Amino acid sequence: MSVPSFSLGDDLLGRAAKRRRARSARVASWDHTGRNEDAFVVMPGETAVLADLEGPGAITHLWFVQGCRLVLGPGLFDARQAGTAMVEFNNALGYNWEINDPDYYRNVIIRMYWDDQEHPSVVAPLGDFFCVGNSMPASFQSLPFTVSVKEDSERKYGGPAAFNCFLPMPFNSRARIEVENQGDAAYMQYFYVDYELYAEDLPEDTLYFHAQWRRNNPCDGWGPDLQVNSLETQVPNLDGKDNYVILETEGAGNYIGCNHTVTHFTGTWWGEGDDMIWIDDDFRADGSTTWPPSMHGTGGEDYFSHGWGMQKINYPFQGTIIHEDDVPGYQISYRWHLADPVRFEERIKVTMEHGHANHLSDDWASTAYWYQTLPGPRFDVPPADQRLPRRWEGPSMKDLPPPDRGRLDDLRKAMYEQRDARMAEFTAQRQQWLERRAEESRQRSAKNAEYAREVRRRFVARRRTDSGT
């Protein structure tokens with residue numbers, strides 16, 4: 001039997017040196033006029049289609065950069081002439097008065113649909129999908145996700161950041177990615193959606209990418225004021241029925257991990273909750289679970305592959321994004337089962353205790369990621385007001401009593417009147433700019449779909465010519 005002198009599999013590095021019957025392409029937010037207005041503007045209440053692709057193919061990379069600004073005072077320029085998506089002068093200079101919307105990472109929803117399913121396979125707040133918990137971005141690197149943030153925006157609510165996702169997302173007939181702005185302010189979205197087109201339909205054993213966000217605010221703990229690891233918390237949990245649920249789905253597939261956001265209230269330790277995962281025949285015919293589950297862990301930090309608490313590390317498959325030592329009460333972590341996927345053929349339920357035997361009542365949120373057969377489960381996210389993070393706020397103008405203009409002299413009254421007039425003019429100018437950019441974004445979205453169809457048409461035509469059909 002002859003053995004090839006050079007052989008490559010489908011490992012990450014080997015893919016680059018192996019020829020494939022594929023065609024690479026991209027849809028992006030680039031300015032079709034050739035100017036530099038490269039961001040989509042998505043108005044409040046609007047849904048923008050970022051990608052609408054015909055298959056067979058697979059998305060190979062997502063790059064997202066976004067911003068959302070709240071205007072507190074008028075700027076010293078014509079807002080209709082803004083060439084960039086956001087004005088970033090320091091507010092102390094007096095040129096403008098704007099802040100980052102602290103909540104928009106939870107107000108904006110990302111959805112993904114595969115093969116014309118009526119319901120999405122991915123539903124999550126934009127920030128949480130890219131591992132930004134509590135709308136507070138922090139730089140980290142892992143194998144499937146990275147986030148990069150400027151130092152002055154690190155661990156600040158709504159801080160601008162760059163997101164990357166490298167998880168493959170196959171589709172046979174169609175892929176659609178959209179974002180919905182459920183906030184009150186317009187936001188700007190730069191993006192790349194890189195993908196491959198294939199000459200043949202996907203194999204029958206192909207699984208489709210899914211992601212779901214969940215939150216318990218707070219978890220229903222039976223003893224939230226008991227000290228973690230105290231004698232009083234040493235009670236048995238022999239069914240897991242009150243555990244926090246990270247994922248529950250039916251079908252065949254692979255669970256590949258989650259990000260996990262904790263807001264801890266008692267100032268002790270949020271962990272000591274075991275992970276418990278039920279798979280296939282761990283379920284009875286009536287849907288109840290047997291004991292013990294197929295996978296039973298020993299503690300929260302243990303599931304995230306840490307030990308003796310959580311360390312400040314970013315490793316390829318596990319790590320900390322925000323550590324409670326840096327932001328008291330917050331812990332944002334991740335664990336990727338890419339080298340060790342949790343496989344299921346019929347059903348899976350991934351859970352974790354919130355404190356030993358579920359005694360803690362912390363605010364938990366998570367995004368689960370998995371691949372499975374279609375049709376996938378139907379799910380959605382809670383309304384926007386139930387998604388917003390608990391924000392620890394310092395002093396702000398909300399702490400000030402409203403000024404009594406009636407007590408001011410004529411000069412000072414005139415200064416307020418001047419500010420009000422400038423603000424009205426500036427707001428109107430800015431609204432015109434936003435509406436123009438939003439309309440151009442809608443047109444660009446439709447044109448991107450046309451470009452993608454044309455790329456697909458040329459690829460198919462060339463393959464037919466090469467094969468002589």
Per the filter on region 275-296, residues surrounded by fewer than 16 Cβ atoms within 10 Å (Cβ to Cβ) and either in a loop (DSSP other than H, G, I, E, B) or of a type in the set (S, T, N, Q) (or both) are ARG284, ALA285, ASP286, GLY287, SER288, THR290, TRP291, PRO292, SER294
Requested in this report: Would you check if there is a residue in region 64-77 being at pLDDT below 90 and either buried (at least 17 other Cβ atoms within 10 Å of the Cβ) or assigned to a helix (DSSP H, G or I) (or both)?
Outcome: yes
Go through the residues of region 383-401 one by one and say whether even a single one is under 25 Å from ASP282 (Cβ atoms), out of contact with any Lys or Arg (no Cβ under 6 Å at 6 or more places or on another chain) and not aliphatic (A, V, I, L, M).
no
PRO395 fails exactly one of (1) modelled with pLDDT under 95; (2) part of a helix (DSSP H, G or I), namely (2)
* Asked: Does ARG19 count as surrounded by fewer than 21 Cβ atoms within 10 Å (Cβ to Cβ) and modelled with pLDDT under 90?
  -> yes
VAL147 meets each of (1) out of contact with any strand residue (DSSP E or B) (no Cβ under 6 Å at 6 or more places or on another chain); (2) of a type outside the set (Ser, Thr, Tyr); (3) surrounded by 17 or more Cβ atoms within 10 Å (Cβ to Cβ) with one exception, condition (1)
Any hit, region 198-213, residues being closer than 30 Å to TRP308 by Cβ and assigned to a strand (DSSP E or B):
yes
Among residues of region 327-361 being of a type in the set (D, E, K, R), closer than 19 Å to GLY300 by Cα and over 21 Å from the mean Cα position of the chain (by Cα), the residue surrounded by the most Cβ atoms within 10 Å (Cβ to Cβ) is GLU353
(message) Taking the criterion of being closer than 19 Å to MET188 by Cβ, without any contact (Cβ under 8 Å) to a residue 40 or more places away in the chain, out of contact with any His (no Cβ under 8 Å at 6 or more places or on another chain) and in the same structural domain as TYR198 (by TED's automatic domain parsing), would at least one residue in region 48-58 satisfy it?
(response) no
If we ask which residues in region 108-152 are in contact with a Pro (Cβ under 6 Å, 6 or more places away or on another chain) and without any contact (Cβ under 8 Å) to a residue 60 or more places away in the chain, their number turns out to be 1
Residue hits (region 95-110; in contact with a strand residue (DSSP E or B) (Cβ under 9 Å, 6 or more places away or on another chain), in a loop (DSSP other than H, G, I, E, B) and over 24 Å from GLU180 (Cβ atoms)) are ASN96
Exception for ILE313 within (1) surrounded by fewer than 18 Cβ atoms within 10 Å (Cβ to Cβ); (2) without any contact (Cβ under 8 Å) to a residue 40 or more places away in the chain; (3) in contact with an Asp or Glu (Cβ under 8 Å, 6 or more places away or on another chain) falls at (3)
Flagged in region 23-57 as over 24 Å from the mean Cα position of the chain (by Cα) and either surrounded by fewer than 16 Cβ atoms within 10 Å (Cβ to Cβ) or of a type in the set (Val, Ile, Thr) (or both), in numbering order, are SER24, ASP31, HIS32, THR33, GLY34, ARG35, ASN36
Does GLU232 satisfy being more than 16 Å from the chain's Cα centre (by Cα), farther than 30 Å from GLN431 by Cβ, outside any loop (DSSP other than H, G, I, E, B) and not aliphatic (A, V, I, L, M)? yes
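The values are calculated or read from the model by the stated rules, or taken from the named source; none is laboratory data. These numbers were taken from a predicted model, which means no experiment stands behind them. Glycine gets a Cβ as well: all are built from the backbone with ideal geometry, and neighbour counts include every protein chain shown.
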